[in-house]
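The numbers here are math on the coordinates, done by the rules we state, and not lab data. Given the structure is predicted, the values throughout are model-derived calculations rather than measurements. Methodologically, a virtual Cβ is constructed for each residue, glycine included, from the backbone with ideal geometry; neighbour enumeration extends over all protein chains shown.
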Amino acid sequence: MRLKKRGTLDDPPPPKRRYKNRHGYVIVYAPDHPSSPPSGLIGEHRLVMEKKLGRFLTSVENVHHINGVRDDNRPENLELWDTSQPSGQRIEDKVAWAKEFLINHMSPEELRAWIEEVSA
């Protein structure tokens, strides 16, 4: 088939621009994306979350489909998860936990000094 269409067997077929993979995720062709592998294919849900956040995702960030439907990539159905220790927790839950931890383990003076330090 490739020989008939392209005249050679060496030329790979062009990638599909958008399709659903066997796991149910929508995959898109984005060869210029910094996180795309050599195939240029990346999950559409990752691109939607990056647009929502206004930045690229890090290697320890995953995108979770709230309703469990893997091809429902509406921004309101996507939630950012962090896979660093411990894995699979929502960012907002970790931030809330961190705030509570700091309040319970630092004096008000230490907390103010730390906030000034990280804000500088």
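With charges only on Cβ, +1 for K and R and -1 for D and E, what is the dipole size of the chain about its Cα centre, in debye, rounded to 20?
I would put it at about 1260 debye.
Multiplying the sequence separation of Ile66 and Lys20 by 0.36 nm and subtracting their Cα-Cα distance, what value in nm do you get? Walk me through the intermediate numbers first.
Details: separation 46, 0.36 × 46 = 16.56 nm, distance 1.84 nm.
This chain segment gains 14.7 nm when fully extended.
Starting from 0.36 nm per residue, how many nanometres of slack lie between Val118 and Lys52 once their C-alpha separation is accounted for? Each step should come with its number before you reach the end.
Values: separation 66, 0.36 × 66 = 23.76 nm, distance 2.53 nm.
In short, 21.2 nm is gained.
Which three numbers, in whole Å and largest first, are the semi-axes of the equivalent ellipsoid of the chain derived from its Cα gyration tensor as √(5λ)?
On the way: eigenvalues 367, 52, 23 Å².
Over the Cα atoms of the chain, the ellipsoid semi-axes are 43, 16, 11 Å.
Before rounding to the nearest 500, sum -39500 (n - 2.57) across all DSSP H runs of length at least 4 in the chain and divide by the residue total; then give [θ] at 222 nm in deg cm²/dmol.
Numbers: 4 runs with 42 residues, N = 120.
Dividing the helical sum by the residues of the chain leaves -10500 deg cm²/dmol.
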